[in-house]
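Scroll down for the structure; my scribbles are underneath it.
Read-outs: derived from the displayed coordinates by stated rules, not from any lab. Being a predicted model, the structure only gives us computed values, none of them experimental. When we count neighbours, we look across all protein chains shown, and the Cβ atoms used for this are built from the backbone with ideal geometry, even at glycine.
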Amino acid sequence: MRRVTLFVNGTSKNGKVVAVYGTLPDLLSVASSKLGIRASSLFNGRGGLIDDIALIRDDDVLYVSEGDSFVDPQDEVSGDCESEQAGAHTDWLTLNIGGRLFTTTRQVVNVSTLVTKEPESMLAHMFRDKCVWGNKQDEHGAYLIDRSPEYFEPILNYLRHGQLIVNEGVNIRGVLEEARFFGVEQLAEQLEVALKNTQPAKDHSPISRKEFVRFLLATPTKSELRCQGLNFSGADLSRLDLRYINFKMANLSRCNLTHANLCCSNLERADLSGANLDGANLQGVKMLCSNAEGASLRGCNFEDPSGLKANLEGANLKGVDMEGSQMTGINLRVATLKNAKLKNCNLRGATLAGTDLENCDLSGCDLQEANLRGSNVKGAIFEEMLTPLHMSQSVR
């Protein structure tokens, strides 16, 4: 299918793009409907009369007549641009960009510079065929363009001397968006590289003890300290006061947290695999669905005298060493403690319903009033228990 652009004879405005099909009378009928005239003749851009539809090529520009002779559209352009021709002795041009005037020579914006440098840009088209483009002018003759003057200035300077210079305080991203709008592609590429170079490199390295202590000291006592998703892998955080800090989904793997105060901290879904929490204060801690596989929690205190219970529901505690920990009332529902060492732990009133305790060492533990309904105790060791298990505890 071929497409052509139709203009009324003698004009180059308000054209219509139509599909060419059928015969020449069919095309004239479409032209009459689209242009609102009684079309009877078609001319090409050089004034040649078209009497056969086979002569029409794809993307041709045609002029439709009501029977009169061909009128060159340049005659209209010269009439519309009479004021411009009257001032043709000057090489200066003024642009009104968002209310700010930019005066420059035509050598900057006409064919000799802009079209050669960026021939497909919007500015090249605007000032190559100014009257065809239909540029609006203010009362002083300045061409009106509704864009940001702050971001346009580096673009104009680039077109003057070919160098990218952005003044301090000007947002490079804003200049980039203007360059894209005006279609100055080579400049846009340079700006993308410059913008990338200004971005800080992504640093995934773990936070050190020194950095974290500085962070702690700079935070007011009453402010909530949020460390969600931060990487503390391998850091030494031993003996620090970490109460009420939100470590949700943080990476604390292989951390040294010995004797740290983690009272009421949020460790939900945190990675504590291989970490050392020996002697840590874990009163009221939230460790739902956390991963503490292979961690050491020897002699930890989960018991809060005020009655606030630690919550480790759904946590992965495979192979952990929790020997001698105080865990009265702790919630270990559906947690995994396979091959864990809980020797001599105080688990009075603990919730172990649905917990996987396979091959777990529970010797010497106090499980009085603990809820073991549905728990898996296959291969678990219950030697030297302080109080025998009761049938009501429903061990399977």
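Spacing of the modelled spin labels on Leu24 and His161, each 7 Å from Cα toward Cβ, amounts to 5.9 nm. Charge dipole of the chain (Cα centre as origin; +1 on each Lys and Arg Cβ, -1 on each Asp and Glu Cβ, all else neutral): 1840 debye, rounded to the nearest 20. Classify the stretch 1-42 as rounded, prolate or oblate from the Cα gyration tensor: take a ≥ b ≥ c as the square roots of its eigenvalues, call it rounded if a/c is under 1.5, otherwise prolate when a/b beats b/c and oblate if not. The shape class here is oblate. The length gained by stretching the chain between Trp92 and Glu139 to full extension, at 0.36 nm per residue less their Cα-Cα distance, is 15.3 nm.
The share of Cα pairs per 5 Å bin across the stretch 265-396, counted from zero up to the longest distance, runs 3, 13, 21, 31, 19, 10, 3, 0 percent. In terms of the mean number of neighbouring beta-carbon atoms within 10 Å, the peptides 337-343, 28-34, 258-264 order highest first as 337-343, 258-264, 28-34.
For Lys13, the aspartates and glutamates whose Cα falls under 18 Å of its own Cα, not counting residues fewer than eight places away in the same chain, are Asp59, Asp60, Glu66, Asp72, Asp75, Glu76, Asp80, Glu82, Asp129.
Based on the reciprocal of the average 1/r between different C-alpha atoms, the Kirkwood radius for the stretch 1-81 equals 12.5 Å. Calculated FRET efficiency, Arg173 and Arg239, Cβ-Cβ r, R0 41 Å, to nearest 0.05? Efficiency at R0 = 41 Å is approximately 0.35. Each peptide in 313-324, 166-177, 368-379 gets a packing score, the mean of other Cβ atoms within 10 Å over its residues, and the list from highest to lowest is 313-324, 368-379, 166-177. Overall, the stretch 249-335 carries a charge dipole of about 140 debye about its Cα centre when +1 sits on the Cβ of Lys and Arg and -1 on the Cβ of Asp and Glu, all other atoms neutral.
Using a cut-off of 28 Å between Cα atoms, the listed pairs Lys309/Lys341; Lys210/Lys341; Lys248/Lys341 include Lys210/Lys341 as exceeding that distance.
In terms of its C-alpha gyration tensor, the stretch 234-327 has a rounded overall shape, because the principal axis ratio a/c (a ≥ b ≥ c, square roots of the eigenvalues) stays below 1.5. For the chain, the mean residue ellipticity at 222 nm estimated from helices alone is -6000 deg cm²/dmol, where every DSSP H run of n ≥ 4 contributes -39500 (n - 2.57) and the total is divided by all residues, rounded to the nearest 500. Spacing of the modelled spin labels on Asp52 and Ser306, each 7 Å from Cα toward Cβ, amounts to 9.8 nm. The three principal axes of the Cα atoms in the chain give end-to-end lengths of 116, 54, 30 Å, sorted in falling order.
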